[in-house]
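Worksheet: the structure to be examined is printed underneath.
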Amino acid sequence: MTSLLILVIVALLGIAIWQLTKIFDLTQNVSGNESCDSEIATDKDNNIQGYLMFGFLGFIYALTIFSIVKYGHFPLLANSASEHGKDVDNLMWISLALIFFVQTITQFLLHYFAFANRGRKDKKAFYFSDNEKLEMIWTIIPVIVLSGLILYGLFTWNAIMNVDEEEDVIYVEVYAKQFGWDIRYAGKDNVLGKANVRFIKGVNVTGADMSDPNSQDDILATELRLPVGKKVVMKMRSQDVLHSAYFPHFRAQMNCVPGMVTQFAMTPSVTTTEMREREEIMNRVSRINKVRSERSAELVAKGEEALAPYVFDYVLLCNKICGRSHYNMQMKVVVETEAEFNKWFAAQKTLGQLVADEKAAAEAPAVEEVVAPEQNTQELETVVDTTAVVAQVIK
């Protein structure tokens, strides 16, 4: 790959030098210089370039149509799993439609005028310094369109960021570090205790301040479980560098910044089980497993272990390049019914219990296990046997 990149760079440098040489020759325009005269475009050259512009326009349209038909399934523009996700998807569809429409019109006009106004000997370009009507049109229309998009996006953003204090929500802390995630739930008091990186020790992996009463009933977890239909306030922290908590299926993302707490709110709307049963997801899983099956056959033929079948799960990813193992920084997310979530939540030990158990285990005296050497056992058996023989002789 590196060799290919070097070859491409060398080729581009060669082309650049060649073009610079041609430009230098053109600047040395001296009367009677045949080499300079040969570089002047003729009507035939201009006609060819004009038709080539139209040909390139057709190529752009054909490539666009092919890409939409072949690769236009847009996996992150459907099947959102949060209440605000539908608004995000609608906003993306509107933006794509506007971009496609404007791109189609502008590209056509650009290439048409390049063809219609190609150079001719007897034709002179018409020039005017300004046109208030045109300036008004291409200023007002973008302002109206962009204002509509911004307002739509602002309402969606407010739905994600604003949390009413009277709402029934649960608080979850997502703690980022190279290269993984730790989860801390607010306990029965529904208040996350204070935390600081200086308090990280043993089981207290998120650095909760155990002197804060609100920290005692917090719950630590190795996977993120959420109840469907319940608003969740995510509070983000980072232990080391800048990370970004990205929930693609929930259409949510927030930077995790060292030294500060960021947050957003969302309401999961589809359980993991329900999403797995959707036809589009089932087809996608089937395609992935077909590829994995073919790859597994190759691995087994080499004597290696086969790949496990893929099962759909929501995921939490890091969307900032945070180091060498950034690609592996992900966590499984489970969305389930509120009854299932409450059952799981009730079975978890609180952070206070975990810290107490860890402290008790550290203070417990070590029990030494004494095992008699095998040699001593054999010697004991020999002594017993000898005594029995001697006693028999005396008799």
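Computed over neighbours whose Cβ is under 13 Å from that of Met282, the net charge equals +1, Lys and Arg +1, Asp and Glu -1.
Its residue count N fixes a reference of 2.2 N^0.38 Å for the range 40-121, and the Cα radius of gyration divided by that reference is 1.62. Where the alpha-carbon atoms of the range 196-293 are placed on the principal axes, they occupy 51, 29, 24 Å, in descending order. Computed from the Cβ-Cβ distance with R0 of 56 Å, the FRET efficiency linking Thr222 to Leu98 stands at 0.85. Taking a Cβ cut-off of under 9 Å around Ala306, the surrounding Lys, Arg, Asp and Glu residues balance to a net charge of 0, with basic ones at +1 and acidic ones at -1.
Three semi-axes describe the equivalent ellipsoid of the range 73-157; taken as square roots of 5 times the Cα gyration tensor eigenvalues and ordered largest first, they are 39, 18, 5 Å.
Pairs exceeding 24 Å between alpha-carbon atoms, taken from Lys201/Lys320; Lys201/Lys230; Lys231/Lys343; Lys86/Lys230: Lys201/Lys320; Lys201/Lys230.
Counting only alpha carbon atoms, the long axis of helix 374-394 and the longest principal axis of the chain meet at about 20°. Annotation: Cα Rg of the chain relative to the compact-globule expectation 2.2 N^0.38 Å equals 1.66.
Give the calculated FRET efficiency between Val315 and Ser129 to the nearest 0.05, with a Förster radius of 45 Å applied to their Cβ-Cβ distance. FRET efficiency, Val315 to Ser129: 0.20. Given their separation in residues at 0.36 nm each and the Cα-Cα distance between them, Lys302 and Asp164 gain 43.8 nm when the chain is fully extended. Using only the alpha-carbon atoms, how far is helix 85-116 inclined from the longest principal axis of the chain? Give it as 0 to 90 degrees, nearest 10. Once rounded, the angle reads 30 degrees. Summarising the strand pairing of the chain, around 70 percent of its internal DSSP beta bridges are antiparallel. All other residues whose Cβ lies under 11 angstrom from that of Asp43 are scored, Lys and Arg at +1 and Asp and Glu at -1, for a net of +3. Most mobile of Gly85, Gly119, Gly303 per a Gaussian network model of the chain (Cα springs, under 10 Å)? So, out of Gly85, Gly119, Gly303, the one fluctuating most is Gly303. Helix 43-71 and the longest principal axis of the Cα set of the chain meet at an angle near 30°. Per residue of the chain, the DSSP helices (runs of n ≥ 4 H) give a summed -39500 (n - 2.57) that works out to -16500 deg cm²/dmol at 222 nm.
A short reminder: the numbers here are calculations on the coordinates, not readings from a lab. Remember, it's a predicted structure, so these values are computed and weren't measured experimentally. Every residue, glycine as well, gets a Cβ built from its backbone with ideal geometry; the counts of neighbours run over all protein chains shown.
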